[in-house]
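This report refers to the structure that appears directly beneath it.
The values are calculated or read from the model by the stated rules, or taken from the named source; none is laboratory data. Just so it is clear, the model here is predicted, and its values are computed rather than measured. Backbone-built Cβ (ideal geometry, glycine too); neighbour counts: all protein chains shown.
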Amino acid sequence: MDKVEELYKDYFHDVYLYIRSLSADEHLAEDITQETFFSAMKSVKSFRGDCDIRVWLCQIAKNLLYTHSKKSGRFTGEEIPDTVPDPEPSIEDRIADGDQSMEIHRILHTLGEPYKEVFTLRVFGELSFRQIGELFGRTESWARVSFHRAKLKIIEELEVQK
């Protein structure tokens with residue numbers, strides 16, 4: 001089995017679920033996920049390995065979804081649905097930035113539970129929402145909502161500090 005087939009087998013479901021959560025459209029998520037692996041196949045040799053392969057694949061998928069949404073005219077720019085990814089750097093990308101990373105860690109330190117732990121497990125522990133839900137004895141949806149709320153709190157704090 002070649003590298004791309006192995007990636008496909010190991011990560012298709014994760015990428016699909018990620019795009020499904022952003023797009024709220026099963027068929028679009030399937031299309032974007034397929035396109036993601038096609039793009040990854042073309043550029044797998046350029047993968048530097050400075051992040052988890054799942055993060056790299058999800059970033060490709062997110063960019064493809066954003067490009068698709070712009071091209072299809074599904075939004076005009078005035079009213080962007082919550083399901084369309086933000087073109088600004090994600091909170092995960094901001095953490096990778098050394099200057100913002102320390103600030104985000106300071107904010108994270110002040111967050112209450114369960115937000116602090118859910119965010120930490122998701123971003124730094126790279127656990128799935130299902131795994132996080134299981135750790136807390138809750139559902140995957142609960143973990144997803146808790147993570148989203150933690151992200152919003154961190155982003156809000158970053159905006160206040162600007």
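So in region 129-162, with the set limited to residues that are of a type in the set (S, T, Y) and surrounded by fewer than 17 Cβ atoms within 10 Å (Cβ to Cβ), which one is nearest to the chain's Cα centre (by Cα)? Steps first, answer last, please.
Narrowing region 129-162 to residues of a type in the set (S, T, Y): 139, 141, 146.
With surrounded by fewer than 17 Cβ atoms within 10 Å (Cβ to Cβ) added as a condition, the list becomes 139, 141.
Details: T139: 19, S141: 15 Å.
Residue satisfying both the conditions and the ranking: S141.
Among the residues of region 139-155, which ones are charged (D, E, K, R) and either under 15 Å from K116 (Cβ atoms) or at pLDDT 90 or above (or both)? The answer is R149, K151, K153.
I'd like the full set of residues that are in contact (Cβ under 8 Å) with a residue 24 or more places away in the chain and among the aliphatic types (A, V, I, L, M), limited to region 121-144. First the steps, then the outcome.
We begin by selecting, within region 121-144, every residue in contact (Cβ under 8 Å) with a residue 24 or more places away in the chain; these are 122-123, 126, 128, 143-144.
V123, A143 - these are the residues of region 121-144 that are in contact (Cβ under 8 Å) with a residue 24 or more places away in the chain and among the aliphatic types (A, V, I, L, M).
Kindly indicate whether P81 is within 12 Å of the chain's Cα centre (by Cα), at pLDDT below 75 and not assigned by TED's automatic domain parsing to the domain that holds E157.
On the way: within 12 Å of the chain's Cα centre (by Cα): no; at pLDDT below 75: yes; not assigned by TED's automatic domain parsing to the domain that holds E157: yes.
No.
The residue that is nearest to W56 (Cα to Cα), among those in region 11-24 that are modelled with pLDDT under 85 and exposed (fewer than 15 other Cβ atoms within 10 Å of the Cβ), is S21.
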